[in-house]
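> The structure that follows is given in the form of structure tokens.
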Ligand SMILES: Nc1nc2c(ncn2[C@@H]2O[C@H](COP(=O)(O)OP(=O)(O)O)[C@@H](O)[C@H]2O)c(=O)[nH]1
Ligand SMILES: [Mg+2]
């Protein structure tokens, strides 16, 4: 059976982690959680250290969401890599479906807009996402419905050799743009999103959406296909 690593970016998630970890460890598949903490000032690391079989990568200072994912991906040895947030907004119970979808696709995104039950996503977050996703599809010839999703799966051979230069939330756009430039089709499956009940969001969505709009044009002009594994 192919191995599965789950990469979980963490920044001050002590309120969400206990329930998230219980749900993750109850899944009926074998997996290895790789938590990447960005100098949380709360008890997140102590909670993670008690999780059997997990790996904890700790940054001394806040290097950003993208830097955490980059380090998690670098540390992964598994055939399949799933990225999921620690706040429980994306249900860990969707991970087995993501893993199955990776049997026939190199990259799988969990889309909150394909789920039959309405996802709990606010209109302004949905609107910014829709705008950037539509422009992304036009510029990069993809058919995504949810570019901003925090739940993604990759076959390691597709992602591990790919350059990742952006350390903040721009990582979301950089990864998708680089995949598209290399003619990798991003496959989506539905995922039912539930806004967090505990802790606080760290992403300032309006600011990031403006940054994404600028970067979208920049990537469309400058990105070239990566030679190698694709
Ligand atoms: N390692 C790391 N994780 C982060 C950082 N910012 C956010 N996260 C984590 O990334 C996930 C998504 O962040 P969140 O603030 O919930 O973004 P939102 O879902 O878009 O509101 C959560 O698990 C956060 O704990 C960061 O700078 N470093
Ligand atoms: Mg969140």
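> Taking the conditions exactly as written (within 16 Å of ligand 1 (Cβ to nearest atom), over 26 Å from residue 63 (Cα atoms) and touching a helix residue (DSSP H, G or I) at 6+ places or on another chain (Cβ under 8 Å)), does residue 186 satisfy them or not?
Taking the combined requirement at face value, the residue does not satisfy it.
> Being crowded, with 20+ Cβ neighbours inside 10 Å and within 11 Å of ligand 1 (Cβ to nearest atom) is true for just one of 37, 42. Which residue is that?
After applying the criteria, what remains is 37.
> Continuing with the same structure: Looking only at the range 202-222, which residues are away from ligand 1 (no atom under 16 Å from the Cβ) and in contact with a helix residue (DSSP H, G or I) (Cβ under 9 Å, 6 or more places away or on another chain)?
Of everything in the range 202-222, those that are away from ligand 1 (no atom under 16 Å from the Cβ) and in contact with a helix residue (DSSP H, G or I) (Cβ under 9 Å, 6 or more places away or on another chain) turn out to be 213, 215, 216, 217, 219, 220.
> Right, something else. Scan the range 53-79 for residues that are within 12 Å of ligand 1 (Cβ to nearest atom), buried (at least 21 other Cβ atoms within 10 Å of the Cβ) and not in a helix (DSSP H, G or I) and report the count.
0
> In the range 192-201, how many residues are more than 9 Å from ligand 1 (Cβ to nearest atom) and surrounded by fewer than 16 Cβ atoms within 10 Å (Cβ to Cβ)?
3
> Is it true that some residue in the range 125-133 is within 25 Å of residue 93 (Cα to Cα) and crowded, with 21+ Cβ neighbours inside 10 Å?
Taking every residue of the range 125-133 in turn, at least one turns out to be within 25 Å of residue 93 (Cα to Cα) and crowded, with 21+ Cβ neighbours inside 10 Å.
> Within the range 91-112, identify whether any single residue is near ligand 1 (Cβ under 10 Å from one of its atoms) and assigned to a loop (DSSP other than H, G, I, E, B), and answer yes or no.
no
> Is one or more of the residues making up the range 155-167 within 16 Å of ligand 2 (Cβ to nearest atom) and touching a residue at least 24 places away in the same chain (Cβ under 8 Å)?
No, because not a single residue in the range 155-167 is within 16 Å of ligand 2 (Cβ to nearest atom) and touching a residue at least 24 places away in the same chain (Cβ under 8 Å).
> Something else: Going by what's in this entry, would residue 117 be described as away from ligand 2 (no atom under 16 Å from the Cβ) and under 22 Å from residue 130 (Cβ atoms)?
Judged against the criteria, residue 117 is a match.
> Name, by its number, the condition in (1) farther than 16 Å from residue 185 by Cα; (2) at pLDDT below 95 that does not hold for residue 157.
With (1) farther than 16 Å from residue 185 by Cα; (2) at pLDDT below 95 applied to residue 157, the lone miss is (1).
> I would also like to ask the following. Does residue 82 satisfy the criteria of being in contact (Cβ under 8 Å) with a residue 60 or more places away in the chain, more than 17 Å from residue 168 (Cα to Cα) and more than 10 Å from ligand 1 (Cβ to nearest atom)?
yes
> Give the range 168-217 a look and list any residue that's assigned to a helix (DSSP H, G or I), over 18 Å from the mean Cα position of the chain (by Cα) and within 16 Å of ligand 2 (Cβ to nearest atom), or say none.
Answer for the range 168-217, where residues must be assigned to a helix (DSSP H, G or I), over 18 Å from the mean Cα position of the chain (by Cα) and within 16 Å of ligand 2 (Cβ to nearest atom): 206, 207.
> Next up: Do we find that residue 136 is within 17 Å of residue 111 (Cα to Cα), touching a residue at least 12 places away in the same chain (Cβ under 8 Å), more than 16 Å from ligand 1 (Cβ to nearest atom) and in a helix (DSSP H, G or I) in this structure?
yes
The values are calculated or read from the model by the stated rules, or taken from the named source; none is laboratory data. What you see is a predicted model; the values in this text were computed from it and never measured. All Cβ positions, glycine included, derive from the backbone under ideal geometry; neighbour counts span all protein chains shown.
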